[in-house]
Amino acid sequence: MPRLTVNNEAIEYRLDPATPLLWALRDASNLTGAKYGCGTGSCGACTVDIDGRAVRSCRVTLSQVEGSFVTTVEGLSRDRAHPVQAALLAGNVVQCGFCIPGIVMAAAVLIKNDRDPSEAKIRQTITNICRCGIYPRLVEAIQRAARAARGDETLPATTRPGIDPAEAARSIPALSPR
């Protein structure tokens with residue numbers, strides 16, 4: 001039985017070792033932040049942090065990640081306080097949200113490994129596909145997240161998960177119900 005650590009919790013999956021990590025996370029652990037997009041690793045919707053690397057979880061099996069430390073978007077920050085999450089919300093980058101968990105994880109790994117990524121480095125590293133076309137705002141948001149992670153900038157507080165939409169609109173006007 002494959003054993004790994006997911007979001008700081010030791011887990012032994014009673015699944016076929018050839019099972020893609022994405023399905024173990026989604027179906028066995030109920031961690032649905034990583035999304036199934038293409039199944040080929042091209043879109044990046046399933047990106048997670050494995051031992052400090054941004055990895056497309058649809059392309060690795062449980063046997064390949066046995067003994068690894070895996071962080072999903074749920075384990076990054078439950079209150080959306082991670083600098084990448086806060087910067088994407090502050091910059092109104094998020095649209096439909098399907099690709100966002102993968103982008104957040106890829107960006108979080110990037111700024112963990114490069115505290116001051118250039119625009120070129122961000123464009124080279126964040127290859128996730130977004131059908132909403134958030135790319136123009138994404139680079140600035142990731143640079144802003146890096147500044148916040150370094151302590152050079154303070155980002156506005158984000159709303160808590162499960163908050164009433166009317167209450168959320170008071171702190172983040174873009175969330176105003178229409």
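The values are calculated or read from the model by the stated rules, or taken from the named source; none is laboratory data. Not measured: the values here are computed from a predicted model. Glycine also receives a Cβ, built like all others from the backbone with ideal geometry; neighbour counts cover every protein chain displayed. These accessible areas exclude ligands, DNA and RNA; they are computed on the full protein's heavy atoms, side chains included. Shrake-Rupley method; radii C 1.70, N 1.55, O 1.52, S 1.80 Å.
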Carbon and sulfur %, accessible surface of segment 90-164 computed with the full protein complex present, 1.4 Å | 49 percent
Does anyone have the angle between helix 100-113 and the longest principal axis of the chain? Alpha-carbon axes, 0 to 90°, nearest 10?
-> 90 degrees
Which value in deg cm²/dmol, rounded to the nearest 500, describes the helix-derived mean residue ellipticity at 222 nm for the chain, given -39,500 (n - 2.57) per DSSP H run of n ≥ 4 and division by the residue count?
-> -9000 deg cm²/dmol
Fully extended, how many nm does the chain gain between residue 116 and residue 157 (0.36 nm per residue separation, minus their Cα-Cα distance)?
-> 12.5 nm
In degrees between 0 and 90, to the nearest 10, how far off the longest principal axis of the chain does helix 135-150 point, with axes built from Cα atoms?
-> 90 degrees
Which one of 86, 45, 120 has the biggest mean-square fluctuation once the chain is modelled by GNM with Cα springs under 10 Å?
-> 120
Which loop-located chymotrypsin sites (Phe, Trp or Tyr not before Pro) does segment 11-54 contain, where loop means any DSSP state but H, G, I, E or B and the Cβ has at most 16 other Cβ atoms within 10 Å?
-> 36
What accessible area per residue comes out for the chain, rounded to a whole number of Å², with a 1.4 Å probe?
-> 53 Å²
Label point 7 Å beyond Cα of residue 28 along Cβ direction - residues of segment 66-80 with amide nitrogen under 16 Å = 66-72
Rounded if a/c is under 1.5, else prolate if a/b beats b/c, else oblate: with a ≥ b ≥ c from the C-alpha gyration tensor eigenvalues square-rooted, which is segment 76-132?
-> oblate
